[in-house]
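J.: The structure is given below, and queries will be raised subsequently.
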Amino acid sequence: MEGILHKSISVNGLNIHIAEKGQGPLVLFLHGFPELWYSWRHQIVYLADHGYRAVAPDLRGYGQTTGVAVNDHSKFTIPHVVGDLIGLLDAITNDEEEKVFVVGHDWGALIAWNLCMFRPDRVKALVNLSVAFVPWNPNGDLAEMLRRVHGEDHYMTRFQKPGEIEAEFAKMSYQTFMKKILTLRDPGPLLFPKGKGFLHSPPEAPVTLPSWLSEEDIEYFATQHEKAGITGGLNYYRALHLSWELSAAWRGAKVTVPTKFVVGDLDVAYHMPGVKDYIDGGGFKKDVPLLEEVVVMKGVAHFINQEKPDEINKHIIEFIQKF
């Protein structure tokens, strides 16, 4: 992590913490749940070493970014977070019309799709990981759609009620929580039945770490979550319905930014209802007409940029070098 600089940028009433390294064209990295800027540690160093300025913020409600009321999930809609990113880009670029590269994973990918849909004038090209584009659906928001399919035990449904899932997570240390999340390799629906424990195991059952994840990595995530709490990250799920309401004007809108999409074949997001058909059946390309490539990595689970950093680094740089 040597040479990574840390700054706090005042944007939209928040103090947004960013980690950055390098000089050159700007690459903005957007993390997912329950991650932080740190999930991009391998990409930051690699892109900086190859002539780019890599910038990874802690999104609102996460890590060292402060200023948002975490007890109010209505402040965590997609328009809020995309607004943060536009303000951040205005603050860290020399020209408000400068276009940047964007790389997103998980929630960061969902936010990146919307950033490109709302403000394609600010994005040169996009590399998104794990979560495909989710077009606006007149039948309801994503959490409601998944509840209809998987019932009340689905993780997005369980995440909706403030305080309930936090109490369940509190039965274990943040170290154990992060180990269980990051090492999850079951591509089936992620279900959290009440009273059965997080991921169906005793709170402090030992977790063997894979070679790509160290105790030091776990300790960084855990320490940051101990300070900031996990509610900020959960609020993104709780704001899904309000985000859906506020985004109705973009019904049928397309993402008109050159795009590459990479997903692991063991990724729970890849196995959500309808996703494979959407990707393979032409719907994805219709909604993202400048989609140049879809890569499905074999034997790779959800936290793809941490599990396979070398391969993801190459996928990113090979694509953005075209521009």
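The values are calculated or read from the model by the stated rules, or taken from the named source; none is laboratory data. All values reported here derive from a predicted model rather than from experimental measurement. A quick note on method: Cβ atoms are made from the backbone with ideal geometry, for glycine too, and the neighbour counts reach across all protein chains shown. Just the protein is used for accessible areas: all its heavy atoms, side chains included, with ligands, DNA and RNA removed. Shrake-Rupley method; radii C 1.70, N 1.55, O 1.52, S 1.80 Å.
J.: Could you check Tyr62 against (1) under 16 Å from His6 (Cβ atoms); (2) part of a helix (DSSP H, G or I); (3) of a type outside the set (Lys, Arg) and say which number it fails?
T.: Status for Tyr62: all satisfied but (2).
J.: Can you find, within segment 46-57, the residue that is farthest from Lys314 (Cα to Cα) among those that are surrounded by fewer than 24 Cβ atoms within 10 Å (Cβ to Cβ) and touching a helix residue (DSSP H, G or I) at 6+ places or on another chain (Cβ under 7 Å)?
T.: Among those residues, the one meeting the criterion is His50.
J.: Next question, about the same structure. Just checking, does segment 282-291 include any residue being more than 20 Å from Leu115 (Cα to Cα), in contact with a Lys or Arg (Cβ under 9 Å, 6 or more places away or on another chain) and surrounded by fewer than 21 Cβ atoms within 10 Å (Cβ to Cβ)?
T.: no
J.: Which of the following residues is surrounded by 24 or more Cβ atoms within 10 Å (Cβ to Cβ) and among the polar types (S, T, N, Q): Gln23, Gln64, Gln43?
T.: Gln43
J.: Tell me which helices (runs of 4 or more DSSP H) are completely within segment 208-323 and hold 2 or more residues being β-branched (Val, Ile, Thr) and modelled with pLDDT of 95 or more, or say none if there are none.
T.: Once the helices (runs of 4 or more DSSP H) in segment 208-323 are filtered for at least 2 residues that are β-branched (Val, Ile, Thr) and modelled with pLDDT of 95 or more, what remains is 215-228, 275-280, 309-320.
J.: Further, regarding this structure: For Lys194, are the conditions met, namely being at negative phi, open to solvent by 30 Å² or more (accessible area, probe 1.4 Å) and in contact with an Asp or Glu (Cβ under 9 Å, 6 or more places away or on another chain)?
T.: It is true that Lys194 is at negative phi, open to solvent by 30 Å² or more (accessible area, probe 1.4 Å) and in contact with an Asp or Glu (Cβ under 9 Å, 6 or more places away or on another chain).
J.: From the list Ala19, Ala54, exactly one residue is aliphatic (A, V, I, L, M), without any contact (Cβ under 8 Å) to a residue 60 or more places away in the chain, in a strand (DSSP E or B) and in contact with a His (Cβ under 8 Å, 6 or more places away or on another chain). Which is it?
T.: Only one candidate passes the filter, namely Ala19.
J.: Regarding Glu216, is this residue open to solvent by 40 Å² or more (accessible area, probe 1.4 Å) and either within 22 Å of the chain's Cα centre (by Cα) or of a type in the set (Val, Ile, Thr) (or both)?
T.: Here the answer is yes, as Glu216 does meet what is asked.
J.: Related question: What tally of residues in segment 166-197 results from selecting those that are within 22 Å of His150 (Cα to Cα) and within 21 Å of the chain's Cα centre (by Cα)?
T.: Residues that pass the stated criteria total 13.
J.: Give segment 154-166 a look and list any residue that's modelled with pLDDT under 95 and open to solvent by 60 Å² or more (accessible area, probe 1.4 Å), or say none.
T.: Lys161, Pro162
J.: If we keep just the residues of segment 67-97 that are in a loop (DSSP other than H, G, I, E, B) and touching a helix residue (DSSP H, G or I) at 6+ places or on another chain (Cβ under 7 Å), which is surrounded by the fewest Cβ atoms within 10 Å (Cβ to Cβ)?
T.: By that ranking, first place goes to Glu96.
J.: Can we say Pro79 is within 21 Å of Ala228 (Cα to Cα) and not polar (S, T, N, Q)?
T.: no
J.: Condition check: crowded, with 21+ Cβ neighbours inside 10 Å, out of contact with any His (no Cβ under 9 Å at 6 or more places or on another chain) and either at pLDDT below 95 or polar (S, T, N, Q) (or both). Does Asn114 satisfy that?
T.: Yes, satisfied.
J.: I'd like the full set of residues that are in contact with a Lys or Arg (Cβ under 6 Å, 6 or more places away or on another chain) and either touching a residue at least 60 places away in the same chain (Cβ under 8 Å) or aromatic (Phe, Trp, Tyr) (or both), limited to segment 292-323.
T.: Ala301, Phe319, Phe323
J.: Does Ile304 satisfy being open to solvent by less than 60 Å² (accessible area, probe 1.4 Å), within 14 Å of Val103 (Cα to Cα) and in contact with a Gly (Cβ under 8 Å, 6 or more places away or on another chain)?
T.: Criteria met by Ile304.
J.: Now, a different point. Quick one: Ala228 ticks every box in (1) in contact with a helix residue (DSSP H, G or I) (Cβ under 8 Å, 6 or more places away or on another chain); (2) over 30 Å from Glu292 (Cβ atoms) bar one, so which box is it?
T.: Checking Ala228 against (1) in contact with a helix residue (DSSP H, G or I) (Cβ under 8 Å, 6 or more places away or on another chain); (2) over 30 Å from Glu292 (Cβ atoms), the one that fails is (1).
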